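The structure under discussion appears below in the form of structure tokens.
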There are 2 protein chains.
Amino acid sequence: MKLDQIETPALVVDEKAFKANLVSMQKLLEGRTLKLRPHYKSNKCAAIAHMQMACGAIGITCAKLSEAEDLADSGIEDILIANQIVDPDKIVRAALLAKKCRLTVCVDSAENARALSAAAISAGADIRCYVEYDIGMRRCGVETEEEFLELAGLVESLPCLEFAGIQAYAGHVSHMASEAERRSYTEANRRKILHLKEELEAKGFRDLAVSGGSTGTSIIKAEEGLYTELQAGSYIFLAATYGGLEKLPFVNSLYVLATVVSRREGVVILDAGVKSMGMDQGDPRILTMDGRTVTGRIEVNEEHLKLYDPAVEGGPVGLELEPGERVLIIPGHCCSTINLYDKLYMFSDGQVTDRLQITARGCSR
Amino acid sequence: MKLDQIETPALVVDEKAFKANLVSMQKLLEGRTLKLRPHYKSNKCAAIAHMQMACGAIGITCAKLSEAEDLADSGIEDILIANQIVDPDKIVRAALLAKKCRLTVCVDSAENARALSAAAISAGADIRCYVEYDIGMRRCGVETEEEFLELAGLVESLPCLEFAGIQAYAGHVSHMASEAERRSYTEANRRKILHLKEELEAKGFRDLAVSGGSTGTSIIKAEEGLYTELQAGSYIFLAATYGGLEKLPFVNSLYVLATVVSRREGVVILDAGVKSMGMDQGDPRILTMDGRTVTGRIEVNEEHLKLYDPAVEGGPVGLELEPGERVLIIPGHCCSTINLYDKLYMFSDGQVTDRLQITARGCSR
């Protein structure tokens, strides 16, 4: 089947670009302290997690317990839930899951650590814990070194829990467009975490993981030699927002295939809207099927994308798109786009080469 | 099961409020020219479509062919696809669908009408067509009365097609907060459509449907007596954006049930983010389980909602939410929220009363 025979809107992935990204990440981390623990939230596709493991990942990161269950069910054996599990029923399920895989969860409170320990005892499981350290995102995590050391000591003392590392994620840094700015913030955080690590080592903690980072900070994290696990997810797809970042060794591989459904003076209408692409990190970019960028103001409705002809609005060239024609949309954000689809199509040279199930689509629990 | 025993995030619907909305719409349209053809895009749930039919709907409106297929498969017999079907394969499928139900589609070009006719002939089906008339939204639809009359004549002349009405939807008017503003725009459109209808009647077209409108314009459309079909969808749920509109006889019934996963100085973190609520029409509102409004600045991340304590930011009262506690989130937009879930829970007086499958979730094709 040819790419343009897929019914639209559809999520399609350029296999060569996708595989080049897998290799680029492998090369970036070659010989480094930093190992890859890619984030499942960006692809939610068990087949892709297994490809990442085959390309050197030491395990998979995910956001939610239901994603972790999907991963374990597909045979992934080392899983980090990079969030707090606080619901009592979910804590019991996490303990059950820890019997099927090497499970690590993040904690930021003593009460939560005690609940996890109690559930692990009941289940006969061992749960690894990273204590989350807030490095400026003001989301979850303990705020001071003192709190961290106290909680780490508690976790280590509780039955069936192991204090295994530091979770420190600065999501607000990942999307800073300038590499210099990303470097400056990252350096400040590096010193903070380094000091904490020395304090932990002074207390006898050894071989601790330092886990975090993202696609946007991957080069910096690889070079600085402090972090041991990189939680990058978007690198395999990139998407429009990350595509605007400087110096990343990755290329866009993800598109929403769409069809022109109507055309009129000054406006072309596509059949893909906010129900078909994640709009939480800005506008998409539009390409023709032969790869030319389509310029023009974009307005995204629920099931439509309106593309205003730049010629009509004073621009230099007009749109050449006709009803029935297919286009490739680079969505603003890969993670929220993936979550809208049940499957993605791999393509190469205009031919469909595979179809993968997005096994954890909708797994927000 | 109690409401707060549902695992979060979850989509939950207050059954009494939901049923009150069904009744309010029935009352609003009692004795009117305007009949209800509710939009499926807002609920994507076959069971709800059947409830709407039981409450007087004359048929269902939907946005996509795949939604129409889901509706027909569930036994709905009168379906309007309020969009253009232009893909050749989809046109063939639409013709096949027209053998299973009374199917109406929208057209805005002669080429598309000819393709629909050819497919209908091949399939041995009859397809009803509304010609779409652009009344200011600048999306699909013909722009002038002359174009409309010409296309209507062509549709009527083509084998296996029937020109059955006027599709005229002004989505940009529906969300104008002031009722006076909505009335003023609606009046201008009314005159335009009325003139077109008279022209069509002069050409011998009788019993034409005039289809469009939405929750936001439902009262106006009921009173003016021109439209015959109201395509309102959100009225059953409302959600935060519509909840801000003046004079609507509907109440909010839709919530995302979420859990507080972390709390720190000045910030409370919930376990629901952009993957759990549609953010395309503005911020959600937060309520405690006993219905008190939680004030505070909101920031929505991918899987988290950060709620800043107004007391810390200079406000009068602090947040009282603790980790593990449940809250009810009124999402900004019901339609894009529904599309993120596979099921919704009905509840009444804090007890779960039913669970409905969102059968057309993800049906954007």
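The values are calculated or read from the model by the stated rules, or taken from the named source; none is laboratory data. This is a predicted model, so every value here is computed, not measured. Every residue, glycine as well, gets a Cβ built from its backbone with ideal geometry; the counts of neighbours run over all protein chains shown. Keep in mind that these areas ignore ligands, DNA and RNA; they rest on the heavy atoms of the full protein, side chains included. Shrake-Rupley method; radii C 1.70, N 1.55, O 1.52, S 1.80 Å.
Inside the range A:1-15, residues that are part of a strand (DSSP E or B), buried (at least 16 other Cβ atoms within 10 Å of the Cβ) and more than 12 Å from chain B (Cβ to nearest Cβ) make up a count of 3.
One residue stands out among those in the range B:181-233 that are in contact (Cβ under 8 Å) with a residue 60 or more places away in the chain and among the polar types (S, T, N, Q): the one that is most open to solvent (accessible area, probe 1.4 Å), which is B:Thr228. Within the range A:217-226, identify whether any single residue is within 15 Å of A:Glu246 (Cβ to Cβ) and part of a loop (DSSP other than H, G, I, E, B), and answer yes or no. There is at least one residue in the range A:217-226 that is within 15 Å of A:Glu246 (Cβ to Cβ) and part of a loop (DSSP other than H, G, I, E, B). Are any of the residues in the range B:73-88 surrounded by 21 or more Cβ atoms within 10 Å (Cβ to Cβ), within 13 Å of chain A (Cβ to nearest Cβ) and not in a loop (DSSP other than H, G, I, E, B)? Yes, the conditions are met somewhere in the range B:73-88.
Taking the range B:89-110 as the region of interest, how many residues are assigned to a strand (DSSP E or B) and either touching a helix residue (DSSP H, G or I) at 6+ places or on another chain (Cβ under 7 Å) or open to solvent by less than 10 Å² (accessible area, probe 1.4 Å) (or both)? Walk me through how you get there before you give the answer.
Here is the first cut: in the range B:89-110, the residues assigned to a strand (DSSP E or B) are B:102-107.
The next check asks that each one be either touching a helix residue (DSSP H, G or I) at 6+ places or on another chain (Cβ under 7 Å) or open to solvent by less than 10 Å² (accessible area, probe 1.4 Å) (or both); those that pass are B:103-107.
Counting residues in the range B:89-110 that are assigned to a strand (DSSP E or B) and either touching a helix residue (DSSP H, G or I) at 6+ places or on another chain (Cβ under 7 Å) or open to solvent by less than 10 Å² (accessible area, probe 1.4 Å) (or both) gives 5.
If I filter the range B:243-256 down to residues being in contact with a Phe, Trp or Tyr (Cβ under 8 Å, 6 or more places away or on another chain) and assigned to a loop (DSSP other than H, G, I, E, B), which single residue comes out as modelled with the lowest pLDDT? This residue is B:Leu248.
Scanning the range B:16-50 for residues that are β-branched (Val, Ile, Thr) and open to solvent by 10 Å² or more (accessible area, probe 1.4 Å), we see that the one that is farthest from the chain's Cα centre (by Cα) is B:Thr33. When the range A:245-256 is filtered for residues that are open to solvent by less than 20 Å² (accessible area, probe 1.4 Å), away from chain B (no Cβ under 14 Å) and in contact with a strand residue (DSSP E or B) (Cβ under 9 Å, 6 or more places away or on another chain), the ones remaining, listed by number, are A:Ser253, A:Leu254.
Scan the range A:299-330 for residues that are among the hydrophobic types (A, V, I, L, M, F, W, C) and at pLDDT 95 or above and report the count. So the answer is 6.
Report yes if A:Lys247 is without any contact (Cβ under 8 Å) to a residue 60 or more places away in the chain and basic (Lys, Arg), otherwise no.
Values: without any contact (Cβ under 8 Å) to a residue 60 or more places away in the chain: no; basic (Lys, Arg): yes.
For A:Lys247, the condition - without any contact (Cβ under 8 Å) to a residue 60 or more places away in the chain and basic (Lys, Arg) - is not met.
Any residue in the range A:37-55 that is away from chain B (no Cβ under 14 Å), part of a helix (DSSP H, G or I) and without any contact (Cβ under 8 Å) to a residue 24 or more places away in the chain? Yes, the range A:37-55 contains a residue that is away from chain B (no Cβ under 14 Å), part of a helix (DSSP H, G or I) and without any contact (Cβ under 8 Å) to a residue 24 or more places away in the chain. Filtered by the rule that a residue be open to solvent by less than 40 Å² (accessible area, probe 1.4 Å) and of a type in the set (Gly, Ala, Ser), the range B:116-156 gives B:Ser117, B:Ala119, B:Ala120, B:Ala123, B:Ala125, B:Gly141, B:Ala152, B:Gly153.
Counting only strands (runs of 3 or more DSSP E) wholly contained in the range B:257-365, the ones carrying 2 or more residues that are open to solvent by less than 10 Å² (accessible area, probe 1.4 Å), under 29 Å from B:Lys41 (Cβ atoms) and away from chain A (no Cβ under 11 Å) occupy B:326-330, B:343-348. Looking only at the range B:111-147, which residues are assigned to a loop (DSSP other than H, G, I, E, B), under 16 Å from B:Leu196 (Cβ atoms) and among the charged types (D, E, K, R)? Within the range B:111-147, B:Asp134, B:Glu143 meet the criteria. Every condition in (1) more than 19 Å from A:Phe347 (Cβ to Cβ); (2) out of contact with any Cys (no Cβ under 9 Å at 6 or more places or on another chain); (3) within 14 Å of chain B (Cβ to nearest Cβ) is met by A:Ser234 except one, and the failing one is (2). Any residue that is closer than 25 Å to A:Gln167 by Cα, surrounded by fewer than 21 Cβ atoms within 10 Å (Cβ to Cβ) and not β-branched (Val, Ile, Thr) - is there at least one of those in the range A:234-244? Checked against the condition, which is being closer than 25 Å to A:Gln167 by Cα, surrounded by fewer than 21 Cβ atoms within 10 Å (Cβ to Cβ) and not β-branched (Val, Ile, Thr), the range A:234-244 yields no hits at all.
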